[in-house]
Amino acid sequence: MRPTVIFDFDGTIALGDGPLHAYAQGVADAAGVPEIAVESRAALARFEAGDATVIDGYDAVRRVALAHGADGAALEAGYRASREHLATGRAPIEAPAGLGAFLERLAAHADLLLVTNSPDIRITEALEVLEATAITRRVCSARKPAGLTAVIAAELEGGPVMSVGDVYVNDLEPAIALGAATAIVGTTWESWADRATLAAATLPELYDGIVAWAEAAGAPGAGH
């Protein structure tokens, strides 16, 4: 049975704060409150410094926006506007070092699947920029964490699964509940390292471990 490795997008294979600042600016424009973009920069800096009161950078921007009276419509409009600029100069992204070569190596041992809450707007272009075209399957607008549960349950019918991401509640918790393997990276990795199969600050630190897991999980006679 062939294993599947599920990758999150923002903060996992797509790095950089360009999309976050584009989101903040989009919400500020939609709400007509310029202060949202300004104050979001400070909120994002606090998150990167270890602020555990927010889930991720998007949550940091959302909280600033709500504090300034932005409603759900403004948040949604701002997010979609930011996605229209994904992987351009207005919302630049970069890949973890060596991502393309790692994914090609991993694809020899596992199916690769992208699961993201992002709508399918400029994802194809983004994967090209990231040299991540070895990921040939995707689930967009996934509505994680609940949506990830359904994806993992389906994939487990075909073989072992590992979920890789930077947000515990979205990317790991649903996998752990179903008995799947997990890998966490990013700002909060140390907080959840004891619950994850693999954990490190950066994805490149886990390349060898993820490949080794896939090799072992797909080996003849491996327990599934």
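Across the alpha-carbon atoms of the range 85-168, the computed radius of gyration and Dmax are 13.4, 41 angstrom.
Over all orientations, the range 33-191 has a Cα convex hull whose mean projected area works out to 10.0 square nanometres. Of the solvent-accessible surface of the chain, computed with a 1.4 Å probe and all protein chains present, 52% belongs to carbon and sulfur.
Of the GluC sites (Glu not before Pro) found in the range 1-62, none is in coil by DSSP with at most 12 other Cβ atoms within 10 Å of its Cβ.
If the viscosity is 0.890 mPa s and the temperature 25 °C, what translational diffusion coefficient in µm²/s does Stokes-Einstein give for the range 1-89 when Rh comes from Kirkwood over Cα pairs?
D = 182 µm²/s.
Averaged over its residues, the range 1-67 has an accessible area of 43 Å² per residue, based on protein heavy atoms and a 1.4 Å probe. Say a paramagnetic label sat at a point 7 Å from the Cα of Ala52, along Cα to Cβ; which residues of the range 159-195 have their backbone N under 12 Å from it? Of the residues in the range 159-195, 188-193 have backbone N under 12 Å from the label point off Ala52.
As a calculated quantity, the FRET efficiency between Asp59 and Ala222 at R0 = 30 Å, using C-beta atoms, amounts to about 0.20. In the elastic network of the chain, a GNM with C-alpha springs shorter than 10 Å, the most mobile of Leu20, Leu66, Leu103 is Leu66. Using only side-chain charges placed at the Cβ, +1 for Lys and Arg and -1 for Asp and Glu, the dipole size of the chain relative to its Cα centre rounds to 320 debye. In this Cβ point-charge picture (+1 for Lys and Arg, -1 for Asp and Glu), the range 6-116 has a dipole of about 100 debye about its Cα centre.
State the extension gain, in nm to one decimal, for the chain segment bounded by Thr136 and Leu66, taking 0.36 nm per residue of separation less the distance between their alpha-carbons.
21.5 nm
Hydrodynamic radius of the range 111-223 by the Kirkwood approach over all distinct alpha-carbon pairs: 14.6 Å.
Keeping every protein chain present and rolling a 1.4 Å probe, give me the accessible area per residue for the range 103-214 in Å². Value returned for the range 103-214: 42 Å² of accessible area per residue.
The values are calculated or read from the model by the stated rules, or taken from the named source; none is laboratory data. From a predicted model like this one, the values you see are computed outputs, not experimental measurements. Here the Cβ is made from the backbone with ideal geometry for all residues, glycine too, and neighbour counts use every protein chain on show. Please note that ligands, DNA and RNA were not included when accessible areas were found on the heavy atoms of the full protein model with its side chains. Shrake-Rupley method; radii C 1.70, N 1.55, O 1.52, S 1.80 Å.
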